[in-house]
Amino acid sequence: MTTLQFNQILPSQKMPVLAKEYAADIPKRAKAFCYPFKAAKNEGVYLFPPLDFEFKLTDEQFLLRAKTTDGEYKTVTITASSSNNENNFILLSDIAPEQSESSLKKYRARISEDSEVPDFIDVDNFGFYEILINVLVEEAPFGVFIQLWLGGVVTTSPGTPLWFKQATNIQMDSGYQCLDAIVDVSSWQGWLAIVLKPTRKDEWVGIDANQPICQAVGYPEVIEQLQNIPMAQVTNELFWAPLHWHVYDSTYGIKPGKYQRLIKKAR
């Protein structure tokens with residue numbers, strides 16, 4: 001029996017749900033007669049975005065925006081002249097300053113207990129878990145992608161990678177495609193995110209934090225149980241894991257990438 005454990009890092013992050021327990025609207029005919037349709041829909045776990053946001057793709061530019069707590073918008077604008085080296089982030093502090101400050105106090109208190117914090121980290125000003133969205137620009141003809149943090153650390157039973165994909169049969173006209181990825185979470189300990197590709201032009205596409213953004217399926221083992229751990233109960237080891245993996249390790253950015261190096265070594 002394979003269990004997916006979701007360890008919440010962003011305190012406001014909506015917890016995942018087992019797909020078979022998620023009440024989604026599906027066609028009546030499929031619900032009544034099409035077991036293959038329902039079996040695919042009910043596989044694994046649905047995960048949720050960390051915020052509400054919307055985006056619009058045109059031939060000239062890409063706009064992404066999220067409403068702030070004061071009713072304004074934090075907007076990221078990508079034009080034809082934008083570089084793929086630019087940092088096109090939306091931070092928690094951009095949209096919810098009070099929530100950001102509260103979260104940062106909790107993060108910094110946890111981080112300060114770690115005996116392995118390197119000297120170059122200023123714990124009192126550290127904001128690693130602030131990035132909610134990163135807009136990526138790739139070479140033609142691929143264009144713009146949206147990288148979205150899932151708000152937590154995911155573990156599974158040993159030897160059970162996860163296949164992250166579009167939420168099957170409940171997002172038939174979503175306006176984006178969640179790109180498929182198979183991740184061995186026993187090796188990947190970093191900032192776990194999914195990547196979305198816009199599929200509509202010239203209209204705003206909205207993302208609701210209360211609607212599934214993707215589906216995680218055990219590969220090849222079936223996910224049969226889900227355990228959600230709220231941030232206050234996450235162990236220090238799991239809370240620190242992305243920091244040790246991504247920030248503390250000076251070799252992280254060496255090509256072809258830390259994860260690929262570990263996978264090749266394991267094989």
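Starting from residues that are at pLDDT below 95 and acidic (Asp, Glu), keep the ones in segment 208-248 and report whichever is farthest from SER187 (Cα to Cα).
It comes out as GLU224.
Yes/no per residue for (1) in contact with a helix residue (DSSP H, G or I) (Cβ under 8 Å, 6 or more places away or on another chain); (2) in contact (Cβ under 8 Å) with a residue 24 or more places away in the chain; (3) under 17 Å from LYS165 (Cβ atoms):
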site	(1), (2), (3)
LEU18	no, yes, yes
GLU21	no, no, no
ALA24	yes, yes, yes
ALA32	no, no, no
GLY44	yes, yes, yes
LEU57	no, yes, no
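Give the residue that is least open to solvent (accessible area, probe 1.4 Å), with candidates limited to residues of segment 224-244 that are within 20 Å of PHE128 (Cα to Cα) and polar (S, T, N, Q).
ASN236
Can you tell me which residue in segment 110-134 is farthest from ILE146 (Cα to Cα), limited to those that are of a type outside the set (Asp, Glu) and open to solvent by 50 Å² or more (accessible area, probe 1.4 Å)?
Ranking the candidates gives SER115 first.
Within segment 14-49, which residues are under 16 Å from the mean Cα position of the chain (by Cα), closer than 17 Å to ILE170 by Cβ, part of a loop (DSSP other than H, G, I, E, B) and among the hydrophobic types (A, V, I, L, M, F, W, C)?
Selection gives PHE48 alone.
Can you tell me which residue within segment 143-183, out of those that are in a loop (DSSP other than H, G, I, E, B) and surrounded by fewer than 17 Cβ atoms within 10 Å (Cβ to Cβ), is modelled with the lowest pLDDT?
Per the criteria, the residue is GLY159.
Could you list, in sequence order, all residues of segment 84-109 that are in contact with a strand residue (DSSP E or B) (Cβ under 8 Å, 6 or more places away or on another chain) and either open to solvent by 30 Å² or more (accessible area, probe 1.4 Å) or hydrophobic (A, V, I, L, M, F, W, C) (or both)?
ASN84, GLU86, ASN87, PHE89, ILE90, LEU91, LEU92, ASP94, ILE95, listed by residue number.
Kindly indicate which of GLU113, GLU86 is more than 27 Å from GLN166 (Cβ to Cβ), outside any helix (DSSP H, G or I) and in contact (Cβ under 8 Å) with a residue 60 or more places away in the chain.
Step by step, each of GLU113, GLU86 is checked, and only GLU113 is more than 27 Å from GLN166 (Cβ to Cβ), outside any helix (DSSP H, G or I) and in contact (Cβ under 8 Å) with a residue 60 or more places away in the chain.
Test each condition in (1) assigned to a strand (DSSP E or B); (2) exposed (fewer than 15 other Cβ atoms within 10 Å of the Cβ) for ASP70 and report the one that comes out false.
(1)
Among what's in segment 1-49 and is of a type outside the set (D, E, K, R), out of contact with any strand residue (DSSP E or B) (no Cβ under 9 Å at 6 or more places or on another chain) and under 30 Å from THR235 (Cβ atoms), pick the residue that is most open to solvent (accessible area, probe 1.4 Å).
Among those that are of a type outside the set (D, E, K, R), out of contact with any strand residue (DSSP E or B) (no Cβ under 9 Å at 6 or more places or on another chain) and under 30 Å from THR235 (Cβ atoms), it is SER12.
Within segment 50-63, track down each residue that is part of a loop (DSSP other than H, G, I, E, B) and either open to solvent by less than 20 Å² (accessible area, probe 1.4 Å) or not acidic (Asp, Glu) (or both).
PRO50, LEU51, THR58, listed by residue number.
I'd like to check something: does segment 198-209 contain any residue that is closer than 20 Å to LYS258 by Cβ, outside any helix (DSSP H, G or I), in contact (Cβ under 8 Å) with a residue 24 or more places away in the chain and open to solvent by less than 30 Å² (accessible area, probe 1.4 Å)?
No, segment 198-209 contains no residue that is closer than 20 Å to LYS258 by Cβ, outside any helix (DSSP H, G or I), in contact (Cβ under 8 Å) with a residue 24 or more places away in the chain and open to solvent by less than 30 Å² (accessible area, probe 1.4 Å).
Out of segment 73-83, which residues are closer than 16 Å to PRO198 by Cβ, surrounded by 11 or more Cβ atoms within 10 Å (Cβ to Cβ) and either at pLDDT 95 or above or not small (Gly, Ala, Ser) (or both)?
THR75, VAL76, THR77, ILE78 - these are the residues of segment 73-83 that are closer than 16 Å to PRO198 by Cβ, surrounded by 11 or more Cβ atoms within 10 Å (Cβ to Cβ) and either at pLDDT 95 or above or not small (Gly, Ala, Ser) (or both).
The values are calculated or read from the model by the stated rules, or taken from the named source; none is laboratory data. Computed from a predicted structure; not experimentally measured. In this analysis, Cβ positions are derived from the backbone assuming ideal geometry, glycine residues included, and neighbour counts consider all displayed protein chains. These accessible areas exclude ligands, DNA and RNA; they are computed on the full protein's heavy atoms, side chains included. Shrake-Rupley method; radii C 1.70, N 1.55, O 1.52, S 1.80 Å.
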